[in-house]
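Remarks on the structure that follows.
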């Protein structure tokens, strides 16, 4: 027989996934600093197939505002440059012999504000997902209480613990968002 703690344990990995996804999405937001996450998932057409850029090249950060892309084969350069120009990373790729350089420009105040808005939207999406998981767990707890698998007093304890768990994850969402906002300002 399952108790409410089992239900909470079962949703915890799902809540972790929400935080992981949010962190990955935040990494894609361009700040004034270079990071491989800005380009590694860019889809590149090559030989009639689509690859992620990270599958075709090594990506490094030689300077805080520069991304260096070293394709594993010279024949990839044209496709990579075309893909980078489409994505709007915020800078034009420069081909330098067998490497591609991207110099990240500093952010305008207007762009910083739009990034802050994008960050808030991503935080809201993550909070909505948390709420859906909370509602799913609470429905399951109520259902098991109705059929007698969970005692009535455990139901209220479960509600409190579920809310504490959701609050903990809401704090994590806030932390991820605040860190990204500091990165943009810095």
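The values are calculated or read from the model by the stated rules, or taken from the named source; none is laboratory data. Everything numeric in this text was worked out from a predicted model, so none of it was measured. Ideal geometry is used to build each Cβ from the backbone, glycine not excepted, and the neighbour counts take in all protein chains shown.
Numerical summary
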| read-out | value |
| --- | --- |
| Residue satisfying all of: in segment 53-68; within 26 Å of residue 114 (Cβ to Cβ) and at pLDDT 85 or above; surrounded by the fewest Cβ atoms within 10 Å (Cβ to Cβ) among these | 63 |
| Among the residues listed as 122, 128, 159, the single one being buried (at least 18 other Cβ atoms within 10 Å of the Cβ) and assigned by TED's automatic domain parsing to the domain that holds residue 18 | 122 |
| Conditions (1) in the same structural domain as residue 16 (by TED's automatic domain parsing); (2) in contact with a strand residue (DSSP E or B) (Cβ under 9 Å, 6 or more places away or on another chain): number failed by residue 140 | (2) |
| Only one of 5, 17, 12, 49 that is closer than 25 Å to residue 119 by Cα, more than 16 Å from the chain's Cα centre (by Cα) and either modelled with pLDDT of 90 or more or loosely packed, with under 14 Cβ neighbours inside 10 Å (or both) | 12 |
| Answer residue from segment 145-156, given it is part of a helix (DSSP H, G or I) and exposed (fewer than 14 other Cβ atoms within 10 Å of the Cβ) and is modelled with the highest pLDDT among those | 146 |
| Residues (free of Cβ contacts under 8 Å to residues at least 40 places away in the same chain and within 13 Å of residue 100 (Cβ to Cβ)) located in segment 39-56 | 44, 53, 56 |
| Condition check for residue 11: in a helix (DSSP H, G or I), in contact (Cβ under 8 Å) with a residue 24 or more places away in the chain, farther than 29 Å from residue 111 by Cβ and in contact with a helix residue (DSSP H, G or I) (Cβ under 6 Å, 6 or more places away or on another chain) | yes |
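One line per residue, one yes/no per condition, for (1) closer than 29 Å to residue 184 by Cα; (2) in the same structural domain as residue 165 (by TED's automatic domain parsing):
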site: 9; (1), (2): no, yes
site: 16; (1), (2): yes, yes
site: 21; (1), (2): yes, yes
site: 44; (1), (2): yes, no
site: 48; (1), (2): no, no
site: 53; (1), (2): yes, no
